[in-house]
Amino acid sequence: MHPRRIHGAALAALLLLAAAPPVRAQYLTRPERDWESIETAHFRLHFPAEMRGWVLPVAERMESYAAAVNALVGNAPAARVTVMVEDPGNVSNGFAVPLLEAPVIFLWPTPPSPTPGFGQHRGWGEVLAVHEYGHVAHLTIPSRNPAERLLWRLLPARVGPVARKSPAWVIEGYATYLEGRLTGSGRPHSVGRAAVMRQWALEGRLPTYAQLDGATTYLGGSMRYLVGSAFLEWLAERKGEASLDHLWRRMSARQRRSFAEAFRGVYGAGPDDLYGAFFTEVMAKALEGRRQLQAAGIVEGELVQKLAWGTGEPALSRDGERVAVVLRTPSQPSRLAIWSSHDDGRDSASAGARARRVARMLERDPLDVAPFDSFPPPRRALQMLYAVGGRGHENPRWFADNARLLVSRDEPLGDGAVRPDLFIWDTRNGHVQRVTHGAGIRWGDPSPDGTRAAAVRCDAGSCGLVLVDLGSGRWTPIAPGSPTVTWHRPRWSPDGRRIAASVQRDGRWWTYVVDAATGSARPVDPGDGANRHSPSWTPEGTLVVVSERGGVANLELLDPESNVPRTLTRVLGSVAAPDVGPRGDIWYLALHAKGYDVRRLPLHQALANGADPVVALDARLAPAAVEPPDVGRSFTAHAVAGPQSYGAGPRAWRVLPGASLGPDGDMVSLMAANVDPVGRLSAVAQGGVGSRGAWRGGSLAAALRLWPVRLEASGWHVEQAPSRQAAGRLAASDIDARLSGAGLAARFDRDRGGGRYSLRAGGSLARLDAGALAGASRAMGFAEMHAAVEWSRRGIVARPQLRAQVAQGETGGDSWRRGWATVALALGGTPLPLRAEATIGATTAADAGTPGRAFEQFAVGGGDPPFLDGAYLGQRVAIPAVPVGLASGRRLGLVKLSTRIAGAQPYAIWVAAGDSLTRFQRVLGVEREWDVPTIGFARLPGVRA
């Protein structure tokens, strides 16, 4: 059997199931940093001091954002909202935790690139804050049902009826709807959303209502934002914007209703029925858009390779012979492939082999039919650069020697955060050399002489243009970014004197040219207000850019001297990421419903055929065309006090009930946790009662994270009688014990990408009652380490690991020493992940005259002690599926093989303990673990189940 561990904590309607060990690491924040706080009437913002420049404009407008959102939603949260600003991954994101008693918004300040998932904006902080606060205002609408209100007051965390009942497309679609209505920008007003709606409809791949919340297809997770917001706009247009407020009111009414029932009462039909009508209308509009574009003539060049998922930007070598492309799949890390830019002979050989196979097939069965494929055959990679530790290599750019590429790869900083850094891949010998360290630099493009790179550095919410010395890794700013100015994707001119780059500012994307020597920058803009980004130089010194003129992203030739544009393509969907070769061939990405294809368009052919004039899709075709422009609300800035030092932060309590059921006995428990949002100082008090064989008692544990070294203190009074456990008497009465004591430990963790390690040391003093030991003293100290490295080759990832502990102490006057070590090897990137581990251990031998040493013998079975740190009882070897005492003695041997299927871990264990390791017992089982770190901003301590 396998025991069930239950420890409840409702968080966004989810009960966390665990019996909590002492306080664990913090989630998403780095408490040891210099944190500051700002308070307004309805918000409390916490952030690292270096992000003050990004946070202040947001803080000054949070009350204005809230007032506008509250008026549109028809609700304001009753509790003060905590706003956390941190940058763990240097990516664009955010989320909300809509607890009624303690709502939280988390903002990641790094601004987005121009992609279908994001549109243009006046400032990333504005659109992100409006979107995430929209979640809080919407999902904290309280229930008006008295019985529901009473029930939820009795639970550890309270979640409102709209949050509980709404499908994901409503939750994300409505926040996106608010984003567009109030800012006049973001996804609802983007060319990207219109392209997705149009292209997916034309390919028959718009999600059905049942698929709307899914995430298994390309951009599937984005459909709840893109299609969800468009469907809500469609509903509001037909029934009035007040109908959305009526929907929320019916969902939170005194009379209980499901979402579908509430929806039907407002709109007269079910959501699936009306979505069908919306689906049909979008299809009709997409077809009309295609008719308009086809009437003028589609211009899209040649399909080079039919691909799926998020293909990376193609990069042509300087001699035009090879092209580098990042290939992605939904289940594996990305890989960087090198193709020939033309038929290199090996593709011809593959085609010949296919032809011979078909000929043999028809010879054996003349009535069979030869296969037909309308797409080019798969290109064979000349070389491949695989991910390291699951971190792929992105943004490849060739050096002038046509052999080396500059790439970026995310690397851990060691404190829990990651940042992109630059690397040089030499395709001649496969060597990858690191250039920068912890710099947050991406989009590097080598200069023609190969000594420098123009790149983008994102730090504290601002992305600026920098020059990187490729020999030393040192970087210098050339064009700074700000919370409202974002640089993206620089490219050197052929003569090495200028740099072209994209810039997001003043509510749209621009193309700029920067003097590499002086840093002076000027826009290349025809003055028509269209977004233009992702420039690439032609050999003649003009620019090929992505232009959104006319409401469709197309390639455009732009003269940096005269600012005169000339459209090169006319596509149905969208283009991205052009790169121009030395012979004028433009390689670019073309969006389709399964991802991005790679296409090629000779510049001379595009100029000869022409795609002018631009076909501007009728705005009435929205959402299959771009929504009419909207200036958006103007949000007033209000002066704020501070910032103030965060100190120990505001304190909050959370009370969590729990239970443990297993072969050693049953136990119910109660936990009270006191935490701060950042996780600097956390304290957990817990106690439990139950059967004699189970752990019972109570403890108080605290952790302080002001420095890289974390301090942990705990005190406890616990007891367990394994000889009286429910599954029968397997354990000797020597280990039945009542233990009262206190412990202190220090821990240091570091993650360096290719390797990570954790060092921990501590000790405890305790009073012990166990068998012949009555009121005996127990003093012990320990040191332990956990180290892991990671190797990868051709997508297969190997992770060797080592865990070890040594301990020494005195129990009841008997001195002892103990040690154990576990070596493990985990393999990933295989059809099934595999893990093998082996543990050996030894402790001082005991005899009839040394009861203290008898207590320190290894005992196998049962779960981890729930009320004290397992390091203080290192002789207990947890196997929750079997009773305590399955094996015991001075020596320990254990081998475990496991895999992971759908989140569960089937395993086989062979274990032996005693004076000699001759009798191994086998345990087969399936388990699932939850290991949740401290989530201070949600008032949750770390739990493990």
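The values are calculated or read from the model by the stated rules, or taken from the named source; none is laboratory data. A quick note: this is a predicted structure, and the numbers were derived from the prediction, not measured. Note that each Cβ is placed from the backbone with ideal geometry, even for glycine, and that neighbours are counted across all protein chains shown. Just so you know, the surface numbers come from the protein's heavy atoms only, side chains and all, with ligands and any DNA or RNA stripped out. Shrake-Rupley method; radii C 1.70, N 1.55, O 1.52, S 1.80 Å.
Overview of values
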item: Selected residue [open to solvent by 80 Å² or more (accessible area, probe 1.4 Å), more than 21 Å from Ala826 (Cβ to Cβ) and of a type outside the set (Phe, Trp, Tyr)] from Arg891, Arg900, Arg928; result: Arg891
item: Residues within region 855-877 that are touching a helix residue (DSSP H, G or I) at 6+ places or on another chain (Cβ under 8 Å) and assigned to a strand (DSSP E or B), tallied; result: 3
item: Only one of Leu827, Leu832 that is in a strand (DSSP E or B) and open to solvent by 20 Å² or more (accessible area, probe 1.4 Å); result: Leu827
item: Members of region 892-915 found to be outside any strand (DSSP E or B) and touching a Lys or Arg at 6+ places or on another chain (Cβ under 7 Å), listed by number; result: Gly903, Asp915
item: 1 or more residues within 30 Å of Ala745 (Cβ to Cβ), touching a Phe, Trp or Tyr at 6+ places or on another chain (Cβ under 7 Å) and open to solvent by 10 Å² or more (accessible area, probe 1.4 Å): qualifying strands (runs of 3 or more DSSP E) within region 24-90; result: 35-39, 81-85
item: Filter result (buried (at least 18 other Cβ atoms within 10 Å of the Cβ) and farther than 18 Å from Pro880 by Cβ) within region 903-922; result: Ala912
item: Unique residue being part of a strand (DSSP E or B), surrounded by 15 or more Cβ atoms within 10 Å (Cβ to Cβ) and either of a type in the set (Gly, Ala, Ser) or free of Cβ contacts under 8 Å to residues at least 60 places away in the same chain (or both) when the list is Gly841, Gly852; result: Gly841
item: Cβ-Cβ under 8 Å pairs, at least 6 apart or on other chains, region 422-438 side closer than 13 Å to Gly471 by Cβ and open to solvent by less than 40 Å² (accessible area, probe 1.4 Å), far side assigned to a loop (DSSP other than H, G, I, E, B) and among the polar types (S, T, N, Q); result: Leu422/Thr436
item: Count of region 706-725 residues which are assigned to a strand (DSSP E or B) and either small (Gly, Ala, Ser) or farther than 14 Å from Arg767 by Cα (or both); result: 8
item: Residue among Gly289, Gly320, Gly270, Gly240 that alone is open to solvent by less than 20 Å² (accessible area, probe 1.4 Å), free of Cβ contacts under 8 Å to residues at least 12 places away in the same chain and not aliphatic (A, V, I, L, M); result: Gly270
item: Odd one out for Glu810 among (1) at negative phi; (2) at pLDDT below 95; result: (2)
item: Qualifying residue in region 784-800 (condition: among the acidic types (Asp, Glu), assigned by the TED database to the domain that holds Asp915, surrounded by fewer than 21 Cβ atoms within 10 Å (Cβ to Cβ) and at pLDDT below 90); result: yes
item: In region 572-588, the residues that are open to solvent by less than 10 Å² (accessible area, probe 1.4 Å) and either in contact with an Asp or Glu (Cβ under 7 Å, 6 or more places away or on another chain) or in a strand (DSSP E or B) (or both); result: Val575, Ala577, Pro578, Asp579, Ile586, Trp587, Tyr588
item: Residue list for region 203-225, restricted to those being open to solvent by less than 40 Å² (accessible area, probe 1.4 Å) and touching a residue at least 40 places away in the same chain (Cβ under 8 Å); result: Leu206, Leu212, Tyr218, Leu219, Ser222, Met223
item: The lone exception for Arg654 - which of (1) of a type in the set (D, E, K, R); (2) open to solvent by less than 20 Å² (accessible area, probe 1.4 Å); (3) in a loop (DSSP other than H, G, I, E, B) it fails; result: (3)
item: Condition broken by Gly228, with the remaining ones in (1) modelled with pLDDT under 95; (2) under 24 Å from the mean Cα position of the chain (by Cα); (3) open to solvent by less than 10 Å² (accessible area, probe 1.4 Å) satisfied; result: (1)
item: Pick from region 676-702, criterion among the small types (Gly, Ala, Ser) and closer than 18 Å to Asp34 by Cα, ranking: nearest to the chain's Cα centre (by Cα); result: Gly679
item: Condition met for Phe279 (aromatic (Phe, Trp, Tyr), open to solvent by 40 Å² or more (accessible area, probe 1.4 Å) and in a helix (DSSP H, G or I)); result: yes
item: Qualifying position, being polar (S, T, N, Q), over 30 Å from Asp410 (Cα atoms) and exposed (fewer than 13 other Cβ atoms within 10 Å of the Cβ), among Ser331, Ser374; result: Ser374
item: Residue match in region 421-432 (condition: assigned by the TED database to the domain that holds Val545 and under 22 Å from the mean Cα position of the chain (by Cα)); result: yes
item: Flag if Gly809 is more than 26 Å from Gly687 (Cα to Cα), more than 43 Å from the chain's Cα centre (by Cα) and either hydroxyl-bearing (Ser, Thr, Tyr) or open to solvent by less than 20 Å² (accessible area, probe 1.4 Å) (or both); result: yes
item: Residues (under 18 Å from Ala766 (Cβ atoms) and modelled with pLDDT of 90 or more) located in region 851-866; result: Pro851, Gly852, Arg853, Ala854, Phe855, Glu856, Gln857, Ala859
item: Matching residues, region 690-725, being within 18 Å of Leu759 (Cβ to Cβ) and either open to solvent by less than 40 Å² (accessible area, probe 1.4 Å) or of a type in the set (Lys, Arg) (or both); result: Ala703, Arg705, Arg710, Glu712
item: Matching entry among Asp869, Asp864, Asp847 (being charged (D, E, K, R), surrounded by fewer than 16 Cβ atoms within 10 Å (Cβ to Cβ) and in the same structural domain as Asp769 (by the TED database)); result: Asp847
item: Test for Ala761: is it within 30 Å of Gly389 (Cβ to Cβ), part of a strand (DSSP E or B), open to solvent by 40 Å² or more (accessible area, probe 1.4 Å) and of a type in the set (A, V, I, L, M); result: yes
item: Residue identified as open to solvent by less than 20 Å² (accessible area, probe 1.4 Å), touching a His at 6+ places or on another chain (Cβ under 8 Å), in a helix (DSSP H, G or I) and assigned by the TED database to the domain that holds Thr176 among Trp248, Trp200; result: Trp248
